[in-house]
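A.B. asks: Handing you this structure, nothing more for now.
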Protein chains: 2
Amino acid sequence: MDALTIHEAAQITDWSPRMLRYIERAGLIEPQRSDAGYRLYGPAELQRLRTLRELVTRFQIGLGDVGFAQRLRRDDELATAIDAWLQAQPRRPEHVPAADWLRWEQDKHSRLLALAGVRAEPATAANLA
Amino acid sequence: MDALTIHEAAQITDWSPRMLRYIERAGLIEPQRSDAGYRLYGPAELQRLRTLRELVTRFQIGLGDVGFAQRLRRDDELATAIDAWLQAQPRRPEHVPAADWLRWEQDKHSRLLALAGVRAEPATAANLA
DNA sequence: CAAACCTTGACACGCCCGTGGTAAGGTTGG
DNA sequence: CCAACCTTACCACGGGCGTGTCAAGGTTTG
């Protein structure tokens, strides 16, 4: 059997079993189930779990954000509406708004991460998948 | 002067002054400032405030979600990475995952909205902008 | 058959989000 | 000049997020 149980999968992907269930509930990674209902993580799921960790730590985003991106890609009406709204940006010639937002977004975890010494490796977007 | 102060803008867009400042802090709508630093909301900002309200109430999303979409559109590396991750969906033939996620996402506000009697009008995505 | 897993559900905790309020101080206008 | 606005900076508060732990019960395995 090349499918791992939740504890095994957790151990080698550096998540907790709790978080694996949470990630499933968020609709991000839904493993197969055995006849008795046990979660079975195959190689694909394991890889996905590892890259998910990469994603959230490297860009300082939450699982909810990834879920929202998924919803964006699934719900065309939502994507179109948001796109339309964002496109109607007021002409702001030499203002730099992205930086502000980024700073605000990242302030959340800044101290925590500084303390934890988290240092994102310069992995390319391509090798993330 | 066709630019409104924060209270005036709040009143006619049905936000609170507090939320207008919050929205600005989130990098979503940043009005001009007068010499003394007063926020000045022009017609464009007012329209954007109204459609923003439409957006969040109709799709049950948060300001953080809109901000994240904005970040997605601004940060190409992030967009590429997330896209790559989402694209690597495990082949799941007859499973319907989107519904679960949607339900989970919407459970947050369901009771509140039900009580408040919020009823999204079937506005099209196009007329939202 | 007992130990060691697994399941779902619940309680807890600290921090963030959306929101309101208030205080201390600057600006505007009659 | 004073009332009525504006600014930023805080405290508060309910609910969500990310996480751990525990209980009650079913499953797998030596």
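Nothing in this text is a laboratory measurement; each read-out follows from the coordinates by a stated rule. None of the values given here were measured: they were computed from a predicted structure. Note that each Cβ is placed from the backbone with ideal geometry, even for glycine, and that neighbours are counted across all protein chains shown.
A.B. asks: Tally the residues that are more than 13 Å from DNA strand C (Cβ to nearest atom) and either within 11 Å of another protein chain (Cβ to nearest Cβ) or assigned to a helix (DSSP H, G or I) (or both), restricting the search to the range B:1-21.
C.D. replies: Here is the first cut: in the range B:1-21, the ones more than 13 Å from DNA strand C (Cβ to nearest atom) are B:2, B:9, B:12.
Still in the list and also either within 11 Å of another protein chain (Cβ to nearest Cβ) or assigned to a helix (DSSP H, G or I) (or both): B:9, B:12.
Number satisfying all stated conditions: 2.
A.B. asks: Which is more than 15 Å from DNA strand C (Cβ to nearest atom), among the charged types (D, E, K, R), outside any loop (DSSP other than H, G, I, E, B) and surrounded by 16 or more Cβ atoms within 10 Å (Cβ to Cβ), of B:Glu45, B:Glu77, B:Glu30, B:Glu24?
C.D. replies: Testing whether each residue is more than 15 Å from DNA strand C (Cβ to nearest atom), among the charged types (D, E, K, R), outside any loop (DSSP other than H, G, I, E, B) and surrounded by 16 or more Cβ atoms within 10 Å (Cβ to Cβ) leaves just B:Glu45.
A.B. asks: Also, quick follow-up: Of all residues in the range B:53-67, which are more than 12 Å from DNA strand D (Cβ to nearest atom) and either among the hydroxyl-bearing types (Ser, Thr, Tyr) or facing chain A (nearest Cβ under 9 Å) (or both)? Give the derivation first.
C.D. replies: Within the range B:53-67, the first condition is being more than 12 Å from DNA strand D (Cβ to nearest atom), and the residues that meet it are B:53-59, B:63, B:66-67.
Hits for the range B:53-67 are B:Glu54, B:Leu55, B:Thr57, B:Arg58, B:Phe59, B:Val66, B:Gly67.
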